[in-house]
Amino acid sequence: MNRRIIKIGALALTLVLSVSALCACAGNGDTPSEGQIYTPTAEETVETKGRHTDNSTSTSDYILRYQSSDYTVVVPADNAEVTRSARELISVFGEITGEYLPLVTDDSVTWSDSARYISVGDTALAQNRSVSCDAAFGTDGFRIVTEGKTVFLVGGGNNGVQYACDEFLWHTLGVDWVHPDHYVYDESITDVVLYDYDITEIPDFTSRRAASYRDSDYRLRHWRQQASITEDMIDGDWQHWVHNATYWFMTDDENDISNHPEWAAQGTTIDTDNTEANAVCFNANGDGDSRDIMLEVAFEKVRKALVEGKEGKYIPLSIEDNFARCSCDECVALEEQYGAYSASGLLFLNDLADKVRAWYETEEGTQYADREIQFVWLVYTSTWDCPDVKTFDLDEMVTVWLAPINMDYTKSIYDEANMLYREGIEQWTTLSKKPVLTWFYNTNFYYYMIDYDDYNTIQDLHKFMAQYDVADMWSQGQGASREFAGFYTYKLYLTSKLQWNVNADVNALKERWFNGYFGAAADTMLSWFENMEAWYAHCRTFTETPLGGYRSLYQSVITTSFYPRYVVRNWLSYAEQAFEDIAYLKDTNAERYSLIYDRICRVRLSPLYILNELYASDYSDADLKELRRTFYQDAVRTQVDLIKEHNGELLSYVQGWDI
């Protein structure tokens, strides 16, 4: 592997079988004939709403020369977040070069063509030179521009400024955050050349979420990610940001859902203590007067949230986390009329939007009329089918949240197996007059210890979605775990890059991440990953129960056909080789050795788990105890604390092991 020399950054510590190689291309890029599915190849770019341009050229001048710099970092006098980003830039720059640049506020400097500044944010210097980002940049887009000897890092908002700082460090020192808490850099760089920078970056998706770390937006800032969409959700008396339909109609008065059995979907009963078992009938089982009461209950909760000043934009009303549906005559008739069961719920939201607009015309409501709110309908399980876009009119105050949980993510979105979901996305994005939210998935929720094999389909999914008006791009995974087994961290890194730029070079990103994350063990770990990918490709060709398929997120994969013992033990041999690769670091850089050693151990958790699940009876009592002890100690030390989504705590899993 041709890799740059890299070194682990210290900021995080101070701040807070062989089978044939797989072909990554899907399709040949030729213009399809009518009715043929068009599949862009990995090499092709697709048009997006983002911008990614770099017209920078080098100059004969330097920002850093012979470990010395005469540059000063300038920030606005009154923006704490921008100052924090600038301080971090100074810290990383100093840790790598030994030169810590001074920091001043913009009220203490003046512009000149020869002044040597790194201007961060909307400083007086930037205003003087009219260097800014217009509305098209949103909050996250940014520019890096050189004027005279000054480098300007400006963003559409504070996020954009943070990302500009990170991009500047990448261009100058090769800084890459391969993990939210750790960066690597190009150790071969000694002098930092001053470039005539002309960089413009606007993300392909406005809001991006993939890194399922149970933490804050601040921790995920270097991956240009949000931790959660909940901050955009209005916190009302519907009690939860998803699967909350039953909660909407809990009022603790006579118009509580428990007093209106007609509000329950036909064939179900309402259990207010276990709402996931419920389903609501948005037609009140055909009782028009009762449906009017339902609407009034829902409207009152919206009115209350707005009057109380609850922040946010989205108001979610979504079905429960099940497959239940109403079979009353009214729901069936509307499904037949519009071609989708979701018609009843969407018509209810249309009427609710009308009530809100009517309230805006009143003395009390007029002050809220300019506030943008969006009712959000979850497109999930029983509501996946879209109403006929030719006959159904969705109110502009209503948008949809696409959650194709049954899709096979081990196959490309362009694969015939996913045609239902591809067509559904096309229909829903046509029906909605507003940008849609998305909720994709990237793990097997029964087996966090095992890599869910969607690595080669992630780019196709993002390229496909980039052609639509998407407000939020989310890929749900192992959200409650601090760290992850297998190669899952690479998946999060890759997804974060593709959510910013769907046309990014995946092969280059893969090499970059493996080099940065595993250091001297990169070649071995990449070989392990590619061997695993090739094996999974083989498993997808099985004639009986192939890997993947409908609801592959819940597929039972712990079988000897998917994981023959020789395959799993071969993967363990890669770990042993990787340990040998880094052994020299014990004496030369113990801190770096420990960091990479633990990363290898996280990947090793996967084959250890499989051996325990499938082949425990093959071991002597002593050997099995040692295998289990290694698994448990590695998991605890490396903070991998979940085995699966529900009831998957590590301590519960190892209970009774006597280790």
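Numbers for the structure displayed
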{"read-out": "Of the criteria (1) modelled with pLDDT of 95 or more; (2) part of a strand (DSSP E or B), which one S475 fails", "value": "(1)"}
{"read-out": "Of all residues making up the stretch 600-638, the number that are closer than 22 Å to Y452 by Cβ and basic (K, R)", "value": "2"}
{"read-out": "Meets criteria (surrounded by fewer than 24 Cβ atoms within 10 Å (Cβ to Cβ), out of contact with any strand residue (DSSP E or B) (no Cβ under 9 Å at 6 or more places or on another chain) and of a type in the set (S, T, Y)) for T430", "value": "yes"}
{"read-out": "Total residues in the stretch 370-404, condition open to solvent by 10 Å² or more (accessible area, probe 1.4 Å) and outside any loop (DSSP other than H, G, I, E, B)", "value": "2"}
{"read-out": "Qualifying residue in the stretch 96-106 (condition: among the charged types (D, E, K, R) and buried (at least 20 other Cβ atoms within 10 Å of the Cβ))", "value": "yes"}
{"read-out": "Residue under evaluation R482, criteria (1) part of a loop (DSSP other than H, G, I, E, B); (2) modelled with pLDDT of 95 or more; (3) open to solvent by 20 Å² or more (accessible area, probe 1.4 Å); (4) out of contact with any strand residue (DSSP E or B) (no Cβ under 6 Å at 6 or more places or on another chain), criterion not met", "value": "(2)"}
{"read-out": "Members of the stretch 523-553 found to be over 20 Å from V568 (Cβ atoms), out of contact with any strand residue (DSSP E or B) (no Cβ under 9 Å at 6 or more places or on another chain) and not polar (S, T, N, Q), listed by number", "value": "D523, E544, G549, Y550, R551"}
{"read-out": "Flag if A164 is of a type in the set (A, V, I, L, M, F, W, C), under 21 Å from the mean Cα position of the chain (by Cα) and in a helix (DSSP H, G or I)", "value": "yes"}
{"read-out": "Some residue of the stretch 440-458 being out of contact with any helix residue (DSSP H, G or I) (no Cβ under 7 Å at 6 or more places or on another chain) and part of a helix (DSSP H, G or I)", "value": "no"}
{"read-out": "Of the criteria (1) in contact with a helix residue (DSSP H, G or I) (Cβ under 6 Å, 6 or more places away or on another chain); (2) open to solvent by less than 60 Å² (accessible area, probe 1.4 Å); (3) assigned to a loop (DSSP other than H, G, I, E, B), which one Q239 fails", "value": "(2)"}
{"read-out": "Residue pairs meeting the criteria (Cβ under 7 Å; at least 6 apart or on separate chains; first under 27 Å from G160 (Cα atoms), in the stretch 500-523; second acidic (D, E) and assigned to a loop (DSSP other than H, G, I, E, B))", "value": "W500/D204; N501/D204; V502/D204"}
{"read-out": "Helices (runs of 4 or more DSSP H) fully within the stretch 549-659 counting 1 or more residues that are closer than 26 Å to G477 by Cβ and among the aromatic types (F, W, Y)", "value": "565-581, 590-615, 621-637, 650-654"}
{"read-out": "Selection count where residues are crowded, with 21+ Cβ neighbours inside 10 Å and of a type in the set (S, T, N, Q), scope the stretch 160-202", "value": "2"}
{"read-out": "Odd one out for R87, checked against (1) open to solvent by less than 20 Å² (accessible area, probe 1.4 Å); (2) closer than 30 Å to E187 by Cα; (3) assigned to a helix (DSSP H, G or I); (4) in contact with a strand residue (DSSP E or B) (Cβ under 8 Å, 6 or more places away or on another chain)", "value": "(1)"}
{"read-out": "Residue that is nearest to the chain's Cα centre (by Cα), among those in the stretch 307-348 that are more than 30 Å from T366 (Cβ to Cβ) and of a type in the set (G, A, S)", "value": "S342"}
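The values are calculated or read from the model by the stated rules, or taken from the named source; none is laboratory data. Source: prediction; values computed, not measured. Note: ideal-geometry Cβ built from the backbone for every residue, glycine included; neighbour counts use all protein chains shown. Each accessible area value is taken on the protein alone, full model and side chains, heavy atoms only, with ligands, DNA and RNA left out. Shrake-Rupley method; radii C 1.70, N 1.55, O 1.52, S 1.80 Å.
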